[in-house]
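What follows draws every value from the coordinates through simple rules; no lab data is involved. Note that this is a predicted model, so its numbers are computed, not measured. Ideal geometry is used to build each Cβ from the backbone, glycine not excepted, and the neighbour counts take in all protein chains shown.
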Amino acid sequence: MCCTDMALAYVEAHASWSAANTRPSLGRDYAAFLTRGPDGSARAAFAVEDVRCASCMSTIERGLAGLPGVTAARLNFSDRRLAVTWRPDAEPDVPAVLSALDALGFRAQLFDPGSRPDAETAETKRLITALAVAGFASMNVMLLAISVWAGTVSDMTPENRDLFHWIQALIALPAAAYAGRPFYEGAFRGLRAGRVTMDFPITLGIVLTLVMSVVESLSGATHAYFDGAVMLLFFLLIGRVLEQSMRRRTRMLAENLAALRSEGATVVDADGSLRDVPTSDLVPGLRILIRPGERIPADGVVERGMSDLDHSLVTGETAAIAVRGGDTVFAGALNGNGALTVRVAAASGSSLLDAVEALMRRALEARSRTLVLADRATRLYVPLVHAAAALTLAGWLAAGAGWHAAILSAVAVLIVTCPCALGLAIPAVQVVSAGSLFRDGVLLNDGTALERFAAIDTVVFDKTGTLTLPEPSLTDGDHPPGILALAARLALSSRHPMAAALAKAAGGAEPVPDAQEAAGLGVRALVDGVELRLGSARFCGAEAEAAAALAENPAASVICFRAGDAAPVVFPVHQALRPEAAQVVEALLAADRRVLILSGDRAPAVEAVAARLGIAEWEAGLTPLEKIARIEALQRAGRRVLMVGDGLNDAPALAAAHASLSPVTAAHVSQAAADALFLGRSLTPVLSVLDAGARARRLMLQNLWFSAAYNLLAVPLAAAGWLTPLIAALAMSGSSVIVTLNALRARVATGARPAPVAIAGRRAPPSAFPLLPGRP
Amino acid sequence: MNVLLLVIPIALALGTLGLVACVWALRSGQYDDIEGAEYRVLHDD
């Protein structure tokens, strides 16, 4: 497309009475999203929604293979990403791919190549390689070790035993040097920061075991512990790999969601041409075009156009605010029915986002979260074990045994207590719980959040977008059906969020032909010589009716419809409660938890919601600062607060609370601050996380007690010098397997969970879980 | 017992072969889409 066309499109986007406002895509330049291969072939990555079955995969791949210039289209089913490659000589045609996907019934969005988590993928690969090496080594070393154990009770000659020991050393030493690096590095990092992490005893245990085994082999002793060292590494690496892949998967899906919510901006160049760029490329001074129905990507000042903005994601305020040239707009606000040209403002430190971030930093510094279980276990474990080893050494020396025997026993204590079970006890539960939460539609940002969820006794909700659905919907009532159907068809032509609520009532009907949108006013069309109008009260001449409807329903907004000279009809639109919100609040209150609403919205709107949900404690019109103050006051009074919120204004409160949860429709900053995100429309994930947290904490404690009991048994055995490699191998593998099996109960329990899940919208419309792994 | 000197290297060589195959599979991206692979095998292209 040549630039005159694009300039024209830009002018059209601003013009009144233009169908261009409703056209999904103007001319765009996607170059910023493409990467070039070594042979010059272009590649682009897309996040694809609604991929739910195996046949979708071949539908998409075959559907795209026929496009001109496309050499390969491959869909990654695990992370729902599509990679498209073009021939080096072909012009990459991104819109063609998007429209082909659209025709196949899939919504897709381009990915910003800069944001792809290459470091994370590399780390996963490194850990899996280390796991493969440790697995190979432990299998082969164990094979030789078992021969030695069998040989000690039969007729193996000392020469053969030594040979077998040296072969084991040959395998185990390089394998441990390679596969143990994640632990060695972790231990060094910890020590440099002045902390003793769990990596430290692991490293110490492995190194000492290997050194002692080499020394013993040199002196031709009966026992060597090479098998124990590599087996330990193998088990611990399993835990690490699971943890890492959980983290990576959560992040990739969260990124897909971010991309699907169009994290791009349209830049207007000096000549009027339009370019699509990732939001991260926006710099102060750029002019950006925001079409009706789009979210504002960055703070700025309106240069041209007028519209009304929905700030519900920013301040929690549901009433629309009118903006015009010269007004300041904030990132995250949803544009109404006019196109705006905005000049991106410099990061002056005075924008709303800056204020929120400063508050978040303050909240994070002030927060004194209790030490997580793993840290507490490490703090107890490390000195106790090392004291036990020192005591063993001293005891044997005092008893008159030689240095050799005394050191041998002390090292045996360190080997047998090497935190195999302890190292798996908590990550295994976290991974299994995260997996079962994932199936319930909750993405966990932080594994340690599970323990914090377990301690919650107070739940604070934000109202807009959290207790209510993020998008408005038509208020129930007796709307004349014929008029409603006609208005809904007309609403299909508008991109205004309130019109979208009305359009849902259209139920698959065709839009009215030749409908035209008037920026800032509404839509109109001519049908059978009668002029239909849909839009603001002024546009339809329905001020009186609108005022009456608002008086009756103070929390609602209105959209008006008029056919010719007939009396105008007013449709109240409000933000409906999330499904099951009432049951969730009831269940929370029944479980003796305190429930509060802290909202930034107007008092009447908050009061109405609180009354319907039976929440006695609510406050309205709060600023972010006041929200934190309320939460900190609650926490000072000894309450453990779970904050559930989505708005930019909730982000500091999310950071300040003991634990936090956000819907996936939340503002960027809030998503980053929350411990977990939930997908879908239902509010039941609030119960799921509290349940999962309590269950996970119980299992973690069981595992920790089991590990303690195991050590209590094994340490005297090792201190007494009775620890043969066979016993060490059995004890280590046995305890690890038991701990892992116990962790798996976190998953079993979910399947049989009663009431809360029964109401957890399992039959929600498919689009409610756009990115969950579905089974065909 | 000399047979050991033959058998053990063979066993180790076979094991190493497996390890190399695993690392190669990892490097060539065969673990990138574990869920997709289980369906892809059913498509006859």
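Please report the orientation-averaged projected area of the protein assembly as shown, defined via the convex hull of its C-alpha atoms, in nm².
Its average projected convex-hull area is 41.0 nm².
Given the rule -39500 (n - 2.57) for each run of at least 4 DSSP H residues, summed and divided by the residues of the protein assembly as shown, what is its mean residue ellipticity at 222 nm, to the nearest 500 deg cm²/dmol?
When only DSSP H runs of four or more count, the value is -16500 deg cm²/dmol.
Apply 1/(1 + (r/R0)^6) to the Cβ-Cβ distance of B:GLU35 and A:ALA405, taking R0 = 56 Å, and write down the FRET efficiency to the nearest 0.05.
FRET efficiency, B:GLU35 to A:ALA405: 0.55.
In peptide B:33-40, how many Cβ atoms from other protein chains are near each Cβ within 10 Å, on average?
So the per-residue partner count for this stretch is 6.
Could you work out the relative contact order of chain A? I mean the mean sequence separation of Cα pairs under 8 Å and 6+ apart, divided by the number of residues, in percent.
Computed over chain A, the figure is 15 percent.
Rounded if a/c is under 1.5, else prolate if a/b beats b/c, else oblate: with a ≥ b ≥ c from the C-alpha gyration tensor eigenvalues square-rooted, which is the stretch A:477-624?
Prolate, because a/c is 1.5 or more and a/b exceeds b/c.
Once the Cβ-Cβ distance between A:ALA544 and A:ALA322 is put in as r, and R0 is 35 Å, what FRET efficiency do you end up with, to the nearest 0.05?
Efficiency, from the Cβ-Cβ distance: 0.95.
Mind checking the mean number of beta-carbon atoms from other chains within 10 Å of the Cβ atoms in A:653-664?
Mean inter-chain Cβ contacts per residue within 10 Å come to 0.
Can you list residues from other chains, or at least 5 along the same chain, whose modelled amide H is less than 5 Å from the amide H of A:VAL459?
A:ARG594, A:VAL595, A:LEU596, A:LEU642
How far apart, in nm, are two points set 7 Å out from the Cα along the Cα-to-Cβ line at A:TRP722 and at A:ARG594?
Simple spin-label model gives 5.5 nm for this pair.
Along the three principal axes, how long is the stretch A:134-224 when you take its alpha carbons, biggest first, rounded to the nearest angstrom?
That works out to 52, 25, 18 Å along the principal axes.
Other chains' Cβ within 10 Å of A:378-390 residues: what's the mean?
Across the residues of A:378-390, the mean count of other-chain Cβ atoms within 10 Å is 0.
Given a Förster distance of 22 angstrom, what is the FRET efficiency for A:LEU364 paired with A:ARG195, based on the Cβ-Cβ distance and rounded to 0.05?
Approximately 0.70, to the nearest 0.05.
Could you pull the Rg and Dmax for the stretch B:2-42, using just the Cα atoms, both in Å?
Cα radius of gyration and Dmax of the stretch B:2-42 are 16.0, 49 Å respectively.
Whose amide H sits under 5 Å from the amide H of A:ASN76, counting only residues 5 or more places off or on another chain, with H placed in the peptide plane?
A:ARG81, A:LEU82, A:ALA83
Work out how much length A:LEU67 to A:VAL214 would gain on full extension: take 0.36 nm times their residue separation and subtract the Cα-Cα distance, in nm to one decimal.
46.6 nm
At B:THR16 and A:ASP565, where each label point lies 7 Å from the Cα along Cα→Cβ, what is the point-to-point distance in nanometres?
Simple spin-label model gives 9.7 nm for this pair.
Using Cα positions and a limit of under 26 Å, work out the lysines in reach of A:LYS463, with same-chain residues fewer than 8 apart set aside.
Reachable lysines: A:LYS504, A:LYS627.
Mind pulling the angle between the C-alpha long axis of helix A:226-260 and the longest principal axis of chain A? Nearest 10 degrees, somewhere in 0 to 90.
So the helix axis and the longest Cα principal axis differ by about 0 degrees.
Want the number for A:ASP476 to A:LEU384: 0.36 nm per residue separation, take away the alpha-carbon distance, what's left?
Roughly 26.6 nm would be gained on extension.
Run the quick spin-label model on A:TRP705 and A:ALA150: label points 7 Å from Cα toward the beta carbon, then report their separation in nm to one decimal.
Between A:TRP705 and A:ALA150, the label points sit 4.1 nm apart.
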